[in-house]
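Read the structure below first, then the notes.
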Amino acid sequence: EKRKRGIASTYEITIVQPNGKRVPILATVTPHLDEHGNMKESLGVFRDISEQKKAEKELKLNEEKYRTIIYNASDGISLANEDARIMLVNPAFEKITGYALKEVQNRYIWDINFALAVPEMQTPKVYNALKAQTKALYKSNNPKFANKIIQFDICTKAGEFKTIEARHFMIETSSGTRFGAIFRDITTQKKAELQLKEIDAAKNKLFSIMGHDLRNPMGNISNLSQLLIQNFHKYPQEKAIRYLELIHQAGESSLQLLENLLLWSRTQQGSISVHPTMENLYSIAEETVAIVSSEANSKRINIKNEINKESTAYADKNMIFTVLRNLLSNAIKYTEKGGKIKLRSKNSKASVKLYVIDDGLGMDPEILSGLFQPGGTKSIEGTANEKGTGLGLTICHEFVKANKGKLEVKSSPNEGSTFIIHLPLDKE
């Protein structure tokens, strides 16, 4: 039909040379018509397209190879065309983001990036910035971020927060330039890095305690006992008794510190078992007050147990005893001579609250922010120059949490502190 109208036709044919070799040819045939519109002759132009066909075949094979690699990659991969519309995402992309190919195909990159942004970043200003930046980079045909590794947080389709490491790239295909990105979920890696930092901080804290806080009282015991041995018959009885009291205090301090170190070490190793039973909190408090009474008496501090005598909780008795002992020792340490400490309780629907209230030094927001982490805050001397490590509060936090409870604190400088222990009323 084209020939009858004098229109040239282009098509591919394969010819066989005398030696049997098959050669692909691109033929263009142009008909010449006479004055009556009848075809007079045809002019044919033939071009050997063997190299072109070879290149196309190699390109197709490469594209199939890359497509296989993309679909089987463990990292998420997306490809977009020159208009910044997504053409392809692999199964790993769906696993990481929750979005399947049919949900993102032909959508603009900035729309998908915005959909994955964490809630606080989903504002019109951020959307417009994403759109403008992406357009500018694509227009340049040489994105500045190509091959640059970046890390950012996303919120998946299911609402899960993840940390992503991404690298962008450009690739030429038979259909034109494709802009791609490789996504890797590094959430677990980031958590592990954070845990390593915490372990490193804990290790440094342990070395600090062993090198300073434990060494000092042991040194005092050694020096005071040596003085007593050398001057036992020279010192008056009152002075000797005073030295013995100081040795006893240093020994008690060292013993409590060693117990806390051992407990803390076991919590870090996960080797402490929790054995909760129904326990009377008033009785546990009475036992604890008796243990710390000598510390309180030395500073003339009055401890009043106002916990309801019928108050109970489903918890591990030994752990709660340790928590109360540490909180009371802490309260004594930071309360002035002649001060007061109160223990109270309050029941709610599903839990009981234990209050340890003192009228001591109190704490500022900076100290409160790192109170329950080893090395989280700088240790502060007590009102009688007592040394502290902060380790006891870390143990309290871990033990309360192990009993499915919560430990919180309210405090202001010069207004005392209130520690609140939340414990379950019954077995859940």
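The values are calculated or read from the model by the stated rules, or taken from the named source; none is laboratory data. These numbers come from a predicted model, not from an experiment. Counting neighbours? That spans all protein chains shown, and the Cβs are built from the backbone with ideal geometry, glycine included. For the accessible areas, the whole protein counts, side chains as well, though only heavy atoms, and no ligand, DNA or RNA atoms are used. Shrake-Rupley method; radii C 1.70, N 1.55, O 1.52, S 1.80 Å.
Per-structure values
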item: Gyration tensor verdict on region 251-326 (Cα atoms; rounded if a/c is under 1.5, prolate if a/b is larger than b/c, oblate otherwise); result: oblate
item: Over region 249-339, relative contact order from alpha-carbon pairs under 8 Å, at least 6 apart, %; result: 36
item: Low-density loop cleavage sites - GluC sites (Glu not before Pro) in region 269-319, where at most 16 other Cβ are within 10 Å (DSSP); result: GLU306, GLU310
item: Beta bridge orientation in region 222-373: antiparallel %, DSSP, nearest 5; result: 75
item: Structure-derived Kirkwood radius over Cα pairs in Å: which label, when the choices are [x] 23.7; [y] 29.2; [z] 30.0; result: [y]
item: Contact order normalised by residue count of the chain, Cα under 8 Å, 6+ apart, percent; result: 9
item: Gain upon complete extension [LYS57, GLN237; 0.36 nm per residue less C-alpha separation]; result: 54.3 nm
item: Length released on extending from GLU336 to ALA402, taking residue separation times 0.36 nm less the Cα-Cα span; result: 20.5 nm
item: Cα→Cβ-extended label distance, 7 Å offset, between HIS32 and GLU287, nm; result: 11.7
item: Neighbour count of at most 16 Cβ within 10 Å plus DSSP loop: longest chymotrypsin sites (Phe, Trp or Tyr not before Pro)-free window in the chain; result: 233-428
item: Amide H contacts of ALA80 (H built 1.01 Å from N, under 5 Å, at least 5 apart or other chain); result: MET87, PHE179, GLY180
item: Solvent-accessible area per residue for the chain (1.4 angstrom probe, square angstrom); result: 61
item: Full-stretch length increase - LEU262, GLU165 - with 0.36 nm per residue and alpha-carbon distance subtracted; result: 31.0 nm
item: GLU306-GLN151 FRET efficiency (beta carbon distance; Förster radius 41 Å; 0.05 resolution); result: 0.20
item: Residues of region 306-331 with amide N under 17 Å of a point placed 7 Å along Cα→Cβ from ASP426; result: 311-315
item: Student exercise, the chain dipole from Lys, Arg, Asp, Glu Cβ charges, in Debye to nearest 20; result: 760
item: Accessible area of the chain belonging to carbon and sulfur atoms, whole % at 1.4 Å probe; result: 52
item: Sites MET218 and LYS125 - FRET efficiency at Förster radius 56 Å, r taken between beta-carbons, to 0.05; result: 0.40
item: Over 20 Å (Cα to Cα) - which of LYS317/LYS337; LYS309/LYS346; LYS342/LYS404; LYS309/LYS410 fall in this group; result: LYS317/LYS337; LYS342/LYS404; LYS309/LYS410
item: For region 1-137: relative contact order, % (alpha-carbon pairs under 8 angstrom, 6 or more apart); result: 12
